[in-house]
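Working notes for the structure below.
The values are calculated or read from the model by the stated rules, or taken from the named source; none is laboratory data. Quick caveat: nothing in here was measured; it's all calculated off a predicted structure. Here the Cβ is made from the backbone with ideal geometry for all residues, glycine too, and neighbour counts use every protein chain on show.
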Amino acid sequence: MKKDRLLIALCMGVLTAFLFFTRAAVAEEKVPQLPRFYVNGKPVSLTVQDLSGLGTRPLRVLIQRNNKARGDEWIRAHAMGAREGDTVRVAFTAPMPGMRATIYKIHREEGGLRYLSMPSTVYFKEAGEQSYQEKIQPFREEIFIIVFEKTGSADEKDVNVRYFEERVRNLVIGSYKTNLLLTSLKFRMKDFADDQARDFYERDAQLLIDRLIDPRRIFLVRVWKAGKA
């Protein structure tokens, strides 16, 4: 009888472990993966963005704070190179129905001005893949911010998406601001296309994140200017 009970207990343990790892694997499959990038039709490998310097400390603290609260790699920072005139395509996949993928872009001109725009937002009624493509204009630096959210319907949109959808906006980022400890990150912006927008306004990066609807992943991909071929 003891052997039978031990055998039953062992089988139940194996079954429990199997169900646990199966559920974990399924849960992992539901997490949006790093989008794939293509330059002139060819896939490129992204590198992990180095955020170890003093100048990147506000962004590093922002990422670490959110990853600690929501799980490791909830926000991930990567980098890739491209040349002016290259065609860059971003292929992003929603692993489950009812997800919204939004691409924000910070474009820094040669002269130094930075612009924030929202070139793409897609609601996935079913799991699947979409892509965004653009031709790289003259730039000093470009950053793609790809946000995945779980929403109840196509009409459920966070404040950030609604703001950019209200009309086509290309906000000027006048400056980045932080505190003495370099633990906060704020954007000082203005919509020069709006005749009523007379003044700059500030938005804390953490506030922009907190406005998201059930966010699942955020990917930051910095594009640096590659040399001539």
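Quick notes on this one:
- The numbered conditions (1) over 24 Å from PHE164 (Cβ atoms); (2) in contact (Cβ under 8 Å) with a residue 40 or more places away in the chain are all true for LEU51 except (2).
- Among the residues making up segment 198-229, none is hydroxyl-bearing (Ser, Thr, Tyr) and in contact with a helix residue (DSSP H, G or I) (Cβ under 9 Å, 6 or more places away or on another chain).
- Of all the criteria given as (1) in contact (Cβ under 8 Å) with a residue 12 or more places away in the chain; (2) farther than 17 Å from LEU212 by Cα; (3) surrounded by fewer than 15 Cβ atoms within 10 Å (Cβ to Cβ), the one not satisfied by LEU182 is (3).
- Condition broken by GLU110, with the remaining ones in (1) in contact with a helix residue (DSSP H, G or I) (Cβ under 6 Å, 6 or more places away or on another chain); (2) exposed (fewer than 15 other Cβ atoms within 10 Å of the Cβ) satisfied: (1)
- Hey, ALA69 touching a Ser or Thr at 6+ places or on another chain (Cβ under 6 Å) and under 24 Å from LEU182 (Cβ atoms) or not: no
- Scanning segment 113-138 for residues being of a type in the set (Lys, Arg) and in contact with a Pro (Cβ under 7 Å, 6 or more places away or on another chain) gives a total of 1.
- Flag for ARG188 being in a strand (DSSP E or B) and either on the phi > 0 side of the Ramachandran plot or under 16 Å from the mean Cα position of the chain (by Cα) (or both): no
- Applying the criterion of being farther than 26 Å from PRO43 by Cβ and among the basic types (Lys, Arg) to the residues of segment 107-141, the residue that is modelled with the lowest pLDDT is ARG114.
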